[in-house]
1. Before we go on, tell me the buried accessible area for the C/D pair, both chains summed, 1.4 Å probe, in Å² to the nearest 100.
2. How much solvent-accessible surface does D:T135 expose, in Å² to the nearest 10, with a 1.4 Å probe and all protein chains in place?
3. Once the convex hull of the C-alpha atoms of the stretch A:92-142 is built, how many Å³ does it hold per residue, rounded to a whole number?
4. In deg cm²/dmol, rounded to 500, what helix-only [θ] at 222 nm does chain F give when every DSSP H run of at least 4 residues adds -39500 (n - 2.57) and the total is split over its residues?
5. Any chance you could look up the accessible area of B:I77 with a 1.4 Å probe, heavy atoms only, rounded to 10 Å²?
6. Relative to the compact globular guide of 2.2 N^0.38 Å, what is the alpha carbon radius of gyration of chain G, as a ratio?
7. Using +1 at the C-beta of Lys and Arg and -1 at the C-beta of Asp and Glu, which of C:H14, C:N95, C:T116 has the Cα lying farthest in the positive direction of the dipole of chain C?
8. With a cap of 15 neighbouring Cβ atoms within 10 Å, and only residues DSSP puts in a loop, list the trypsin sites (Lys or Arg not before Pro) found in the stretch A:80-153.
Number of protein chains: 8
Amino acid sequence: MSRIWTIYLSGEIHSDWRERIAEGVKVTNLPVELTGPNTVHADSDDCGVAIFGAEPDKFWHDHKSARLNAMRTGTLIQEADIVVVRFGEKYKQWNAAFDAGFAAAMDTPYITLHPTEHDHALKEVNAAASATARTPDQVVQALAYLINGTMPA
Amino acid sequence: MSRIWTIYLSGEIHSDWRERIAEGVKVTNLPVELTGPNTVHADSDDCGVAIFGAEPDKFWHDHKSARLNAMRTGTLIQEADIVVVRFGEKYKQWNAAFDAGFAAAMDTPYITLHPTEHDHALKEVNAAASATARTPDQVVQALAYLINGTMPA
Amino acid sequence: MSRIWTIYLSGEIHSDWRERIAEGVKVTNLPVELTGPNTVHADSDDCGVAIFGAEPDKFWHDHKSARLNAMRTGTLIQEADIVVVRFGEKYKQWNAAFDAGFAAAMDTPYITLHPTEHDHALKEVNAAASATARTPDQVVQALAYLINGTMPA
Amino acid sequence: MSRIWTIYLSGEIHSDWRERIAEGVKVTNLPVELTGPNTVHADSDDCGVAIFGAEPDKFWHDHKSARLNAMRTGTLIQEADIVVVRFGEKYKQWNAAFDAGFAAAMDTPYITLHPTEHDHALKEVNAAASATARTPDQVVQALAYLINGTMPA
Amino acid sequence: MSRIWTIYLSGEIHSDWRERIAEGVKVTNLPVELTGPNTVHADSDDCGVAIFGAEPDKFWHDHKSARLNAMRTGTLIQEADIVVVRFGEKYKQWNAAFDAGFAAAMDTPYITLHPTEHDHALKEVNAAASATARTPDQVVQALAYLINGTMPA
Amino acid sequence: MSRIWTIYLSGEIHSDWRERIAEGVKVTNLPVELTGPNTVHADSDDCGVAIFGAEPDKFWHDHKSARLNAMRTGTLIQEADIVVVRFGEKYKQWNAAFDAGFAAAMDTPYITLHPTEHDHALKEVNAAASATARTPDQVVQALAYLINGTMPA
Amino acid sequence: MSRIWTIYLSGEIHSDWRERIAEGVKVTNLPVELTGPNTVHADSDDCGVAIFGAEPDKFWHDHKSARLNAMRTGTLIQEADIVVVRFGEKYKQWNAAFDAGFAAAMDTPYITLHPTEHDHALKEVNAAASATARTPDQVVQALAYLINGTMPA
Amino acid sequence: MSRIWTIYLSGEIHSDWRERIAEGVKVTNLPVELTGPNTVHADSDDCGVAIFGAEPDKFWHDHKSARLNAMRTGTLIQEADIVVVRFGEKYKQWNAAFDAGFAAAMDTPYITLHPTEHDHALKEVNAAASATARTPDQVVQALAYLINGTMPA
């Protein structure tokens, strides 16, 4: 099968989980294209006003950037084969849960990635997930299995 | 117009915001049917094992209940005309953000309801919302306007 | 056939075309439910800030109201069996053309209603329409024919 | 990410905004494919009769061309990732608003491009837009940010 | 089960097959709502020009009526539970085959009703049908079975 | 909430599980409409030839009945809020698994009902289910909880 | 624009209209991929029994082939950008009208191709068409215009 | 036509039917991409716990693997042009029937492949199928005909 799988990496932008998945995918030589949101925090916050003009009110400042970013995230989630949704230790990351709900409604399967301490708070999000991973490595192993049938060593 | 509007009330279950909207809708005599998740916290957590049998592992305990509850929430959100998504002061309420993402993907319009302190963390959720309210009263006023064209006093 | 037909009346709010259709429908005793946007111009412009709070910037003032109104118009257009889109002599009425495009994409059939002088400018909008009427009476006649098979006298 | 983004440029055909976006995209070396309607005004008006035979009645003359052009515009808008909708100083350009409504119903994100003087008349069209740009340069900057994460200089 | 089944009767308008089905449904007391196109041949041909104005060219005369009639047929076929498509001895009745293709694409099940002499010419239409009936009585028997489980006497 | 929930009961027709659910629903006074396939085995097998004429070849005999029955099952599954899929001790009941796959693709939530001995063979069907019940009583309890929030005694 | 347009050629298989379009497309050097049904009449009639075994009853003989052919035609029509539907002088060609109805429901634009004598009988099929051509040359000219903006010489 | 057809091979994993189809496709030089589930029985059963951690309860052991496998099967069935569903002599293979129901709801045409002894039990699954084959060779012949128009020798 010559298929390339598109995996959208949603959520936390303060740890290196995306890099670790990218590395794992590379080492394993998987036919995978990784996509995701803009992960430069400051740019993601300010892109709207930087391009379309300043807003004195912080609500609209945020709004302009969020609407702009949504053009990227919405497009890429919709064309993803699989979404990985990461919830980190800090921050509320409602946008990650929003992406999960969006994926669920679109019938795009997703894997959650988070520590066990969030299990109860994330029970609804996990209930619609195809799997819950604890480490980026498990995500890579899942992709290797799904695509090539390779079982973990 | 003889239409009855169905409004799904998603999110926080620890304050009386649903009751206040219900009261406002009643006082204003709006042709509205309010729906929502099961709001008895303990039942919502334990329904799965109470009906289908105990689980020693908390993850599957949660899973069974969450899957069961999702049959209700998924059905009711999909048939709602409008969803109101409430984020309270406490708890992470990822399920509320999940519902918002689900509604967005379904093209069901939603109104967020939360204090200003969450504005930045909720910017992606608000960007896809039709409005952001600060009080249950504003939600009732919005419904009164949308349905009957009544402006607030 | 006991069916009630829902007809959404989109566009111009400065002449009495909606009233004339309502009267015609009543006189002809058609099983029709007429829906439409809020037609009180000032309320339609100011509802957003009146309910959710003032905006110093006119763009966001408009935005808040337009987002709010869209919850009504989007819901009602989607459940209409037929949309009537009226373009008057004055104003640009881009919102009417927007509604026509929305209806076309939703496969909801629509009838345009406008004077011949707009024929060339509206050729794309008319090309996707099921009919082009010149008077409210013709719209009523079309409904009477569609629903009851009654030919015009 | 090796993705090519398809951007449909809808609306005004009397100024050079399409060329300026094309130039900006080229200079910035963006992986973008620009599409759009036939922009030769006379051909767009007369294609139907030129190919399928003359019509004495101007209404059907227009109709034949508009139906033919719609095969191109409908196909290309549906496969676009993003639509840019331009409203110029002159003309009513109801077709641009029609395209915006079509894109909105299709969940294709769009950016409007117009001078501030149209803000109020376009409030419904802008309310469903992901962004409102004032210059072609801003559109190019938005694409550069969305695709490559590049912030404006 | 308190359900009312909506059955759209498409095709031939020159024999009494619709009346025979209506009678059978009434005699059997089935919870069925029968719908269909306008079956007054002259009105169906001339409704467009009678309402919206004469056309010297027969093609546009036909076009105006056909576009108008399509608002009824399209709406009713889409909400039908089952479509019955009748091909008579005379005429080409391409519109009946068109309705069958439309129903097939909409996943609305349909029963064809025609004499055996058309079997070969209708093989593609029958291949997508749920059943092929030879008499109106068989259609009524099928409805009685589907709805009430009643087997033919 | 005045909603009536439609529950489709799919699968085994050789035990009284449907009656037990019907009884439970009645005793509990749930606002539920139960639907399902024709459960008279002989009629379900022979309806096609009884109505449309005998077939010497058993394959087409079966085919005619199965196509006819599918008009009922397809329509009712699509409008169900919840499907219950029962696998009994005997028979292969591939049609029950087919209904489950159909419901899954339609995003209609379903509950499986079967003894533990089938757990492994049904793992794919259960993986897409909202719950797995062992007794009709558990199904009734789940409905009571979903609809009224009533926990089992 | 580097796009390749896929054009499905439906209908009559007894004249050389497909070859003439293929030639025109080649001469004009259009980026077009032509698809269509199997046009070898005997094979199209007998493929089912040739592969899966003989049928004594002509109805099932036809049925097996028609079901098999539908896998090709359904797949290719669904992925076509434009469908051309040809009605010839002879035969009823209900399958062509069926394809037109299927395309209409799928929102795939189509062009009809037939002599004027069929205009009245095809009025419903033409009413949903984007254009009506009289010669294969006009179809090629329409494609050249739609794709490259080339007007006929 | 330069199209590559994607064929998903669902069902039995205990005989060499997939290999025989692969061989036939290779010998006939068909432009076909074959896809399917993971066919290593043990891996398919244990992948979930091997990657995400052991489960003492066999139900959840199965569940974790089945949910993981569903990400592959769901994705590949949805993008298949045609599905072949194989029912073998042994085992219940409810997952094969589930895939057939899923494909039916998705409007993906499928061919069943099974011995005649299962005809009656599979009548519902066959009723929605495009063809029923008895040998892998017949499947290859059907593909050769569908794609290239080649009749069996």
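The values are calculated or read from the model by the stated rules, or taken from the named source; none is laboratory data. The structure displayed is predicted, hence computed values, not measured ones. All Cβ positions, even for glycine, are placed from backbone atoms using ideal geometry, and neighbour counts span all protein chains on display. Heads up: the accessible areas ignore ligands, DNA and RNA and are worked out on the full protein's heavy atoms, side chains in. Shrake-Rupley method; radii C 1.70, N 1.55, O 1.52, S 1.80 Å.
1. Buried area (both sides, nearest 100 Å²): 3100 Å².
2. 50
3. 74
4. So the calculated ellipticity at 222 nm is -15500 deg cm²/dmol.
5. Answer for B:I77: close to 0 Å² accessible.
6. Cα Rg divided by the expected 2.2 N^0.38 Å: 1.09.
7. Selected residue: C:T116.
8. Within the stretch A:80-153, the qualifying trypsin sites (Lys or Arg not before Pro) (loop, at most 15 other Cβ atoms within 10 Å) are A:K90, A:R134.
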